[in-house]
Every structure is written in structure tokens, then in C-alpha cells.
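Below is one structure, written out as C-alpha cells; comments come after it.
The values are calculated or read from the model by the stated rules, or taken from the named source; none is laboratory data. Keep in mind that what you see is a predicted model, and the values were worked out from it rather than measured. Here Cβ is always computed from backbone atoms with ideal geometry, including for glycine, and neighbour counts include all displayed protein chains.
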Amino acid sequence: MRKVNGKLVSEQRNYNVLTVAQAKKIAKSWLREMELEHALLFGLPEVDDRYHYWRVPLLHPATEEKIGEVVIDARTSLVLEGKSTAQDVLEARLLGRKKNLKVHKCEKTYKISSLRNTVGLGDCEVLLQEMPAESVDLIFTSPPYYNARPEYTDYVTYEEYLLKIRKVIQSVHRVLNEGHFFAMNSAPVLVRRARRSESSRRIGVTFDIHRIFIEEGFDFIDDIIWVKPEGAGWATGRGRRFAADRNPLQYKAVPVTEYVMVYRKHTDILIDWHIRNHPDPKTVKASRVPENYERTNVWKIHPANHPDHPAVFPLELAEKVITYYSFKNDVVLDPFAGIGTVGRAAAKSGRRFVLFENNPNYVEIIRKDVGKWLGKGVEDVLWLNCKPVDSSEYLV
């Protein structure tokens, strides 16, 4: 099995199924139920870490030709019957029959989440482990910047920062419904020089995170460029030296853009399936995007600010993402909730929200504001690791 930095890929991903021997044992147990345990040979199992599967090849005992495979969820150790070769197909291939084979497809139904509006205080990686699988319909978040300002000093190295992002994306993959979307707002960051003899360093965070998404079982859908008004990026200091004397080689563009990168949890289901199979056609109709939607991937939106948070994103940005990538009454998750902009936008757009934030000061701001979003609906909010809001003032 492939190793990276001395560790098996399965160990790096913290899978439950770690070794070839374990994968074969699970596959053998599955074949035993079909009474095919002794009728087939195993090829070499391999980890498909893009989708978090183990694939165990099944070989014809006489020709050693591959005639099927067992697909195992590497995280849960369960055989994925809808993706594994069906019993009747295996039996037909063992007998040399090649025509009129019927492959059983797993019947899928549209899942409506039962989650209610939720606010949780704590590390999102931990809180996500307590959520039901496939219980979220959309994720929109903006993770903390990597040491771009003095306020952000949680990570000793950039590699440590990326590892944290990877772990959150892995955890989110489990709770996101199949074929649904994850949008992340991010931007390159400037690491200022420590002394005049050094150069500052700009890191393309967005592009490193893109690679992680692809490796963790997401398909790339859109790169939306959020453009701020001219002059909005002047505070970063980039471009000032060049503006003074305009010498070649010193040119640095003033950044006035950020990215909203949109990914879809990998699936064979077409997007139209979600529209056709939604159990409430009235909800689908009510969720139609208004005519004044963004027609290109360049969105011009004024930035936002807040006296108690150094880097909030605009409510308008959250509203657009939620409107374009979810139905009404869907559950929208923000694992790095900050002061709750996504929750406010979700409530305003007729969606439910799940907000996780590890800064108690920001959670306190959410507690003070959530009644303005929900009115008397605040009494139904689930509070995790934090004191519920007194809903009496909203129950008029």
C-alpha cells in the first residue's frame, strides 16, 4: 500500500480499515453470506482515498481475470452494496454468461434533515463527530485566515493550518448529504516580513485548500470571484512602495478580490434528480432564484465590518450562496461561524442553520442577535455547550 511520509494513506486519513488484510477479511465475510466465499479469488485491495473506499478485486478462480469488486467504506468498514458487484452478476460471470446481466442499483430517496436550528460552542472538528450522517444540505464558511493579522496566531506552521482544514473537510464530508454543496470563502494571505532584510511572503491558501477538497471526495464546481470596491485592499500595504516611485520589479497589485470556491460531494446522482425527487414540489417552486441573480462568476459586493470581529464577510455574500445552492427549509452549516453571518442569512432566506464556533465571545454575539433573526422561533434553537437564550421576550 502507498505510504506518504512514512505512514500508510489509511493511517493518515484515520480510517477504521487500515490494512489489506482487514479489507480482505471484510470482503470474505460479505461473500460468505452469498455462499461465494470459496468460489472466488481476491486480487490486491487498494485504497481509493479520493472517495474513502477500499476496493477489493474479485478474480475468476480458473483464469484469475477480474470479474467484480467489493467496495468498502474505509471509515465505517461497511460494504457498500450499491457500489459492489451484485451476487447474480458474479454468479453469471463465474458460469461464463455474459448477456442479459442485470445490475442492481441501490434505490435512493430524497433525505429531509430533521435537524433544528443549532448553535454550538467548541472545536467544530469535535462537534461534527456528534452530528448524524448526511444531515446537512449546504455548507458555507470562511475559515480563519492563516496568521494574516496579529489576531490570527493559532497555528505554528502553515502545514499545521492546512492539516486542520483537511480534518474539518473530512468530518464535513460525512455529515453533508450526497450530491450537495460546500462553498468556502478564502483568499491568499500576506505574511509580513519580520525585518527589513527579509521579504514578505504571499501564500495561495485558496489553491492549497482546493487540492485538499479534491483529495477528500469533492468535485470542483465553481470559482466565484468576490470583487470589493477599488481601494478596499489598500490597507494591506501592497502597492504603496510602487506607487511612490513606480520602479519595475516592485509592482504589486492591490488585492480587492476573494474567492468563493464551490464543491459538490461526489455522487453519480445528477443535480436534476434532487429537483425531481424533492418530496415537496411547492418548496422547490418557492426556492426558485429571482431574476436579478448573478450571471457571471464575478460578484461585486461591498465588504462588511464589525467592531468585535476582525474579518466578517458580508451578509449579501452569504445570502447569494444560500439562495443559489439550497432549497428553502434546507439545513445550512457553518463550522467556523464567527458572529453568525451565515445563520442570519439562512434565517432570512427561509433555511435552518447549524453554527459552530470555538470563540465564546463570538458565540455570545450570536446569542444576543439570534432573537432578531428568529423572533419567537428562538425557543426552538438547540444550544450545545452554551447557555440557551431567554426566549420570553420574543413570545409576545
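Looking across region 272-306 at every residue that is of a type in the set (Gly, Ala, Ser) and in a loop (DSSP other than H, G, I, E, B), the one that is surrounded by the fewest Cβ atoms within 10 Å (Cβ to Cβ) is identified as ALA304.
Selection of region 248-265 for residues being surrounded by fewer than 17 Cβ atoms within 10 Å (Cβ to Cβ) and under 19 Å from ASP222 (Cβ atoms) yields only THR257.
Just to be sure before I move on: is ARG344 in the same structural domain as TRP273 (by TED's automatic domain parsing), among the basic types (Lys, Arg), farther than 28 Å from TYR110 by Cβ and surrounded by 17 or more Cβ atoms within 10 Å (Cβ to Cβ) in the structure I sent? The answer is no for ARG344.
Of the numbered conditions (1) part of a helix (DSSP H, G or I); (2) surrounded by 15 or more Cβ atoms within 10 Å (Cβ to Cβ); (3) at pLDDT 95 or above, GLU379 fails exactly one; give the number of that condition. In the conditions (1) part of a helix (DSSP H, G or I); (2) surrounded by 15 or more Cβ atoms within 10 Å (Cβ to Cβ); (3) at pLDDT 95 or above, GLU379 misses (3) alone. Listed by position, the strands (runs of 3 or more DSSP E) enclosed by region 26-135 that each have at least 2 residues that are surrounded by 17 or more Cβ atoms within 10 Å (Cβ to Cβ) and of a type in the set (Phe, Trp, Tyr) are 53-59.
The single residue among HIS274, HIS309 that is under 30 Å from PRO229 (Cα atoms), at pLDDT below 95 and not hydrophobic (A, V, I, L, M, F, W, C) turns out to be HIS309.
Specify the residue that is nearest to the chain's Cα centre (by Cα); the eligible residues are those in region 78-97 that are farther than 17 Å from PHE42 by Cβ and among the small types (Gly, Ala, Ser). Among them, the one singled out is GLY82.
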